[in-house]
Amino acid sequence: MDLKTLTFLVVGATFLLYIGIAIWARAGTTKEFYVAGMGVHPVANGMATAADWMSAASFISMAGLIAFMGYDGSVYLMGWTGGYVLLALLLAPYLRKFGKFTVSEFIGERYYSNAARMVAVVCLIVASVTYVIGQMKGIGVAFSRFLEVDFTTGVFIGMAIVFIYAVMGGMKGITYTQIAQYCVLIFAYTVPAIFISLNLTGNPIPQLGLGSTMTDGSNLALLDKLDMIVRDLGFAAYTAQKSSTLNLFLLTMSLMIGTAGLPHVIMRFFTVPRVADARSSAGWALVFIAILYTTAPAVGAMARLNLMETVQTGAVGAPDGNLVYADRPIWFKNWETTGLLKFEDKNGDGRIQYYDDKSEAFAAKAASFGWQGNEMVTVDNDIMVLANPEIAGLPNWVIALVAAGGLAAALSTAAGLLLAISTAISHDVLKGMINPNISEHKELLASRIAMAGAIVVAGYLGMNPPGFAAQVVALAFGLAAATIFPALMMGIFNKNMDNIGAIVGMLVGLVSTLVYIFWFKGWFFFPGTEMAANTPENWFMGISPESFGAIGALLNFIAAYVVSKITPPPPEHIQHLVEDIRVPMGAAKASAHH
Amino acid sequence: MSEPTQRQAYWSANLKLVALCLTIWFVVSYLFGIILVEELNAIKIGGYGLGFWFAQQGSMYIFVILIFFYASRMRKLDQKFNVHED
């Protein structure tokens, strides 16, 4: 069977599975639609959270990012996992005890203010919408690359699938499909990694392979060999630190508190039966996430090594040391046709030179070899994961599986985000502010309509991504870190935090982070409106816009604390509410569940 | 103990535990993985420099252990101070 038919079969089978689950897990009440009846087992919720969290970017792009950043890529690994420690220790159990449906609902009640709730809703929608654009794009890319389906058609198919299970089942349907999607994506990610690790080091466990000795007879540790190869070609050593310590520190911190403050992640912890389950469920989520996140650095380093060795076949500088272009392997040709890999024979010798032509120290050497610039003009990050099975010579069904895995990652994250958006609209805005007396039946209908609307908007934006789509990840994490996380944490840990303090804090965090990002990336990302070029020399103390969320959060905490000291403390019943959420006793019970 | 003082004691025991866990969280990621990374890389475990290992592997394993440690200690505190569910 040819690869295309096989891919259609594998992807089609996973889609049928998702639809089957949707029919089985229909939601009958708002409680089921918003929080899956609070009856999800903590291990199951952990798995669903992992799928919810790991997006198209985690699955497809992260390993490639690490492959080219080397040690500096650690910020993503630590940043996107360390946030779960904060969630488990500082937020999840207390918000579960509170026992309501949305994050903004907690902020609104805790700060006895619809204004606070509205600020939270706006931050939530901005963060979630920006995020969901990337997922829709990921679905389109996966379809067009693996199935040769038109990009727009791909997005439509993705929208239809999400529509079926998210509109019918709400959180309940999404939870059980996410569990299936996790199984698909983790299998698709680890199988190629195991084979590549086995190939290079003889160790089947990639996490150990990364720290093992090469089996190519060089007797070098894999990382030492990689350092040597890239350094010989003028690149910085793989394991060496490239950006400033302060910036790495703050970026990691921003990603951690941003993760803990992302509403679609927090919401998942409303679905478990008990407060104690919320704590352990965060642990399970991190177990399932860490399986992929500890494999990713191995995939990155090994793919980089494979790529360098494919091109640099002999000694650096030797006339026959580089791969003859005409002899390039099949996977090389395959990825050239997609445009993700591009070669340009600058010195006309018919061989491929891949080196760092921006390194001044290496320039003289390169010139003496007769090299006239780096000839691998495009090496897209995404290739590192997508081409892995082909580079390792794995059978076609593994390649088909990677396609299904990428789609599973994008669909599961999209569904979680869409749910966060639609609950904010139907529960926070419609029921919370416009019509508090709406009937259960009508609210359920409204949330389904909101979900359908959100899918259409997300699909539209996925097909017509605004020019700033790539910039917005910084915005999503920055906003979650600088506004939502501090407001939630102070609401639980500081009994005296009042409405004015919290609102001022959120606004200070919001405005400072927005201004800092816009300063270097343009006001509302309009090109040409930036106040200073986005380069390390211009950044305040060398802090990149992506890293500013942590500073925004700090400003939020300080402003809120100072204001709360000079304004009246919260009323008695709010202080009781805080005391009450601090103990597990008396939490709302789960509803009957199948 | 009266109920309010018992809840007070439970809360301060919780805060102590959180402080301990977050200290470890900070040490393995920010201290070992970022601030001291170059110094620790002088120590090798297998083919890994120790600092690099903490940054790309070790910190994540310890995060997982930390959460389960916290969850199990809290379960005991819930019982001890009689604030558990059901």
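Helix B:3-26 and the longest principal axis of the Cα set of chain B meet at an angle near 0°.
For the pair A:Phe369 and A:Asn437, the difference between a 0.36 nm per residue extended length and the Cα-Cα distance amounts to 16.7 nm. In percent, rounded to a whole number, the relative contact order of chain B is 33, using alpha-carbon pairs under 8 Å and six or more apart. Legend: mean number of C-beta atoms from other chains within 10 angstrom of residue C-beta atoms, peptide B:29-41, equals 5. Just so you know, the averaged projected area of the alpha carbon convex hull for the stretch A:217-363 sits at 13.7 nm². Under the shape rule built on the C-alpha gyration tensor, where the axes satisfy a ≥ b ≥ c, the protein assembly as shown is prolate, since a/c reaches at least 1.5 and a/b is greater than b/c.
Note on A:Asn538 and A:Glu309: their simple-model spin labels are 4.2 nm apart, each label 7 Å out from Cα toward Cβ. From largest to smallest, the equivalent ellipsoid semi-axes obtained for the stretch A:305-390 from the alpha-carbon gyration tensor read 22, 14, 12 Å. Exposure here means at most 12 other Cβ atoms within 10 Å; with GluC sites (Glu not before Pro) in a DSSP loop as sites, the longest stretch of chain A lacking them is A:149-343. Hydrophobic, long helices, defined as DSSP H runs whose alpha-carbon span along the helix axis is 20 Å or greater and whose mean Kyte-Doolittle value is at least 0.0, occur in chain A at A:3-24, A:114-146, A:168-201, A:245-261, A:275-311, A:396-423, A:440-463, A:499-521, A:549-566. By the beta-carbon count within 10 Å of each Cβ, the least crowded to most crowded order of A:Leu444, B:Leu20, fewest first, is B:Leu20, A:Leu444. Paramagnetic label reach from A:Asp380 (point 7 Å along Cα→Cβ; backbone nitrogen cut-off under 19 Å): within the stretch A:50-66, residues A:55-66. Rounded to the nearest 500, the 222 nm mean residue ellipticity of chain A from helices alone is -20500 deg cm²/dmol, with -39,500 (n - 2.57) taken per DSSP H run of at least 4 residues. Take each residue of peptide A:132-140, count the partner chain Cβ atoms within 10 Å of its Cβ, and average: the result is 0. A viscosity of 0.692 mPa s and a temperature of 37 °C, combined with the Kirkwood radius over Cα pairs in Stokes-Einstein, give a translational diffusion coefficient for the stretch A:50-159 of 194 µm²/s. Calculated over the stretch B:3-80, the projected area of the Cα convex hull averaged across directions stands at 5.7 nm². The relative contact order of the stretch A:305-390 comes to 31 percent, based on Cα pairs under 8 Å that sit 6 or more residues apart. Relative contact order for chain A: 28 percent, from Cα pairs under 8 Å spaced at least 6 residues apart, divided by residue count.
A crude spin-label estimate for the pair B:Asp86 and B:Lys16, with each label 7 Å from Cα along the Cβ direction, gives 2.8 nm. Give the Debye-formula value of log10 I(q)/I(0) at each listed q (0.15 Å⁻¹), with one equal scatterer per alpha carbon of the stretch A:158-265, two decimals each. Rounded to two decimals, the profile gives -0.95. Modelled label positions at B:Phe69 and A:Ser244, each set 7 Å beyond Cα in the direction of Cβ, lie 3.3 nm from each other.
For the stretch A:332-388, the list of trypsin sites (Lys or Arg not before Pro) that fall in a loop by DSSP and count at most 16 other C-beta atoms within 10 angstrom reads A:Lys346, A:Lys358.
Across the stretch B:70-80, rounded Karplus estimates of 3J(HN,Hα) from the backbone phi angles (6.51 cos²θ - 1.76 cosθ + 1.60, θ = phi - 60°) give 4, 4, 6, 5, 5, 4, 5, 5, 4, 5, 4 Hz, Gly and Pro being marked x. Separation of the stretch A:325-353 and the stretch A:1-59, taken as the distance between their Cα centroids, equals 39 angstrom. The gain in end-to-end length when the A:Ile449 to A:Asn496 segment is fully stretched comes to 13.0 nm, 0.36 nm per residue minus the alpha carbon separation.
Just so you know, all these numbers are worked out from the coordinates, no wet-lab data involved. Bear in mind that the values here come from a model prediction, so they are computed numbers and not experimental data. Backbone-built Cβ (ideal geometry, glycine too); neighbour counts: all protein chains shown.
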